[in-house]
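Okay, so here's the structure we're looking at.
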C-alpha cells in the first residue's frame, strides 16, 4: 500500500517552508512598516520548524513510529519548546507593556480599574 505523503515529500515541504516563511514574514512586516522584524520572526519560525521536524524524524527513526517511548520523548520535547517560547513571549510583551505603561506594568491588566470609581449615591429626597 502506497503512503499518502512520503518522507521525501514532507522533507521537501519543510525546506520550502524554511525559505518561504522568512519571505512571508518580510512581506507582512513591510505592510506594517516593520520589514526587519517580520523577516526575523519569519526566519525564526522557519528555522525552528525545520529543527523540530528534523528532531522529530531522528527520534521516530531511532525508536520507531509506533513506539510509546518515542512518542513520550517527542511530547516532552515539544512541551519544553512551547514553554520556553511562551515564557520568552510573555517577557517580551511585559517589557513592551512596561515601556508604554510604566505605572501599570507590574500591577496586571486591571490596574486602571479602581474600587473607589464605582457608582455614587445621591443624598436627598427619594420618591
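Table for the structure above
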| item | result |
| --- | --- |
| Hey, residue 78 part of a helix (DSSP H, G or I), under 17 Å from the mean Cα position of the chain (by Cα), within 22 Å of residue 18 (Cβ to Cβ) and assigned by TED's automatic domain parsing to the domain that holds residue 13 or not | no |
| Any hit, the range 51-59, residues being surrounded by 16 or more Cβ atoms within 10 Å (Cβ to Cβ) and over 16 Å from the mean Cα position of the chain (by Cα) | yes |
| Unmet requirement for residue 33, which otherwise passes all of (1) under 22 Å from the mean Cα position of the chain (by Cα); (2) part of a helix (DSSP H, G or I) | (2) |
| Among the candidates 104, 116, 91, residue that is in a helix (DSSP H, G or I), at pLDDT below 75 and more than 29 Å from residue 15 (Cβ to Cβ) | 116 |
| Test result for residue 44, out of contact with any helix residue (DSSP H, G or I) (no Cβ under 7 Å at 6 or more places or on another chain), over 30 Å from residue 92 (Cβ atoms) and surrounded by 14 or more Cβ atoms within 10 Å (Cβ to Cβ) | no |
| Meets criteria (loosely packed, with under 13 Cβ neighbours inside 10 Å, touching a helix residue (DSSP H, G or I) at 6+ places or on another chain (Cβ under 8 Å), at negative phi and assigned by TED's automatic domain parsing to the domain that holds residue 17) for residue 32 | yes |
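The values are calculated or read from the model by the stated rules, or taken from the named source; none is laboratory data. Because the structure is a prediction, the values reported are computed rather than measured. All Cβ positions, glycine included, derive from the backbone under ideal geometry; neighbour counts span all protein chains shown.
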